[in-house]
Amino acid sequence: MTDQTSKIYKLNFYDRLEVKFLSVFLPLVIFFAVLSILLVEGIDYQKTKVQYKKAQQSITADLLALSGEYLWNLDKRRLGKLIESQLVHPGVTGIIVWDEDAQVFIQQGHQEQGENANLIEEPIYFQTDSAREEIGKIQIFFTDKYIFEAFITRVLQNLPIVLIICISIILGAIYISQQMIKKPLKRMVKAIEETEHDNFPTPISWEKKDEIAMVIHSFNQLMKRRQDLHQENKQLASNLLEAQKIEAIGHLAGGIAHEINTPIQYISSNIHFMNSAQKRYVSFLNSLKDQLSKDSDTQNTEEFNKWVEAKIEELDLDFISEEIDGCLTETTEGLTIISDIVRAMKEFNHSGQKDKSQVDINGCLKRALTISSNQWKHIARVEEQLHDGDCMVMGYYNEINQVILNLIINATHAIEDHKTERKGVLKVTSALNEDHCLITISDNGTGIPKDVQDNIFLPFYTTKEVGRGTGQGLTLCYDMIVNKHKGKIYFETEEGKGTTFFIRLPLR
């Protein structure tokens, strides 16, 4: 197979298609070009003449319909505007309106003279309460000279175009019959269709030396460049996603650290308490061992029991026994909280996925709520209405996680900005239908102002203050859902009452 992406074609003069064609068909092309122009433009000329006659009637009727009222009211301004609107027509050269005293009331344009000129004069009437009165007349000067001038101009303008068209038609007929264009075009179309599915074919080969070869050579280079750009765009999209993820985690880092620090503090306190308790128990056991090592015959049971009770009271072992179960329970709960947060972070940061796989939507929603809990727990209560059982779709794990987290954080900001005394409501739902999964994320925050609703998915558009938003969150959400998953993302909002975002993902 010839490498069409690197080979450069240089055609000899006599190998060029236009040279071969012109040497045989040039006289015929010129003849048919001139004949076709005269025929087409002649028909158009006659149609234009008919339209010119109709335009005369229409313009006259329009002027008579309105000029009576304006003349009766002596309204020169409105009558002048009416006349100006009619003078726009190239066939109208001038208009004169006379009043009932045969005085010129208004005149615009010029009076065309000559064989192409045509004058129409009509009386102007006005309908009063009692009768229809003649209050003046109107003179309209027409000319059809522009029609012939336009005919000549179009003939001269279209002659080169028709010549080119005729050459192309004859040339195409010759080579299409030999299938010198059809085959490579089909292959190029097939190659373009394959690129729509991210499959870039091998370069197209063409052994002949002609313009087709040059087109194929350029096409192969274009496909190579497109493939390179596709790879670059995929890398940029991946980098942008990672940057957005890092940005989201960065904004949440303080809250996550606080969420982990709180259980760590009481776990630490409990461990110190249990360490102290362990030392007291060891001290008690050592003392008990020493007491028992004495001569058992000399021991008095009553004295021994009093000694044990005194030792228990001295070391406060009753209190320790009562508190140690609570310490262990509290420590276990704290470790569970830390484990849940770490697991959610680890799963959220899953990377390296190149192909679609089964994604658990309910799991994504729960992880996003866990990671962002410090953002919403003080300002909102969460309501979950998740689909019973598995809620799986084929998709990209990272992208879906990022979209859900972005929307939850946006909803939290909207509730926070609403500034009400009571806690807001953050509601997440999932539902599985026959061919898609529907996710909703709702808040009762500020809502989206009507004047910005059309812009929220645009790149770098944000209504948040500096440092709180980059204008990329919803843009990435749209790209991930619509372009990568072939789904839909849309919203319903009402200012002052809240917003609901809908994500519709196909199951396959």
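Some points to look at:
- None of 54, 137 is part of a strand (DSSP E or B), farther than 30 Å from residue 160 by Cα and either over 51 Å from the mean Cα position of the chain (by Cα) or free of Cβ contacts under 8 Å to residues at least 24 places away in the same chain (or both) except 137.
- Count of the range 62-93 residues, restricted to those that are within 17 Å of residue 107 (Cβ to Cβ) and crowded, with 17+ Cβ neighbours inside 10 Å, is 10.
- Listed by first and then second residue, the pairs linking a residue in the range 430-452 that is over 26 Å from residue 495 (Cα atoms) to a residue that is at pLDDT 85 or above and in a loop (DSSP other than H, G, I, E, B), with Cβ atoms under 7 Å apart and 6 or more places separating them unless they lie on different chains, are 431/387; 432/387; 432/391; 435/507; 436/507; 437/391; 437/507.
- So residue 403, is it outside any helix (DSSP H, G or I) and either modelled with pLDDT of 85 or more or not assigned by TED's automatic domain parsing to the domain that holds residue 445 (or both): no
- Subset tally (residues that are within 28 Å of residue 484 (Cβ to Cβ), assigned to a helix (DSSP H, G or I) and either of a type in the set (S, T, N, Q) or at pLDDT below 75 (or both)) for the range 192-219: 4
- Which numbered condition residue 264 misses (of (1) modelled with pLDDT under 75; (2) hydrophobic (A, V, I, L, M, F, W, C); (3) surrounded by 13 or more Cβ atoms within 10 Å (Cβ to Cβ)): (1)
- Every residue from the range 57-88 that is closer than 16 Å to residue 143 by Cβ and touching a residue at least 24 places away in the same chain (Cβ under 8 Å): 59, 60, 86
- Some residue of the range 365-383 being part of a helix (DSSP H, G or I), surrounded by fewer than 23 Cβ atoms within 10 Å (Cβ to Cβ) and of a type in the set (A, V, I, L, M): yes
The values are calculated or read from the model by the stated rules, or taken from the named source; none is laboratory data. Computed from a predicted model, the values in this text were never measured in an experiment. Every residue, glycine among them, receives a Cβ derived from its backbone with ideal geometry; neighbour counts consider all protein chains shown.
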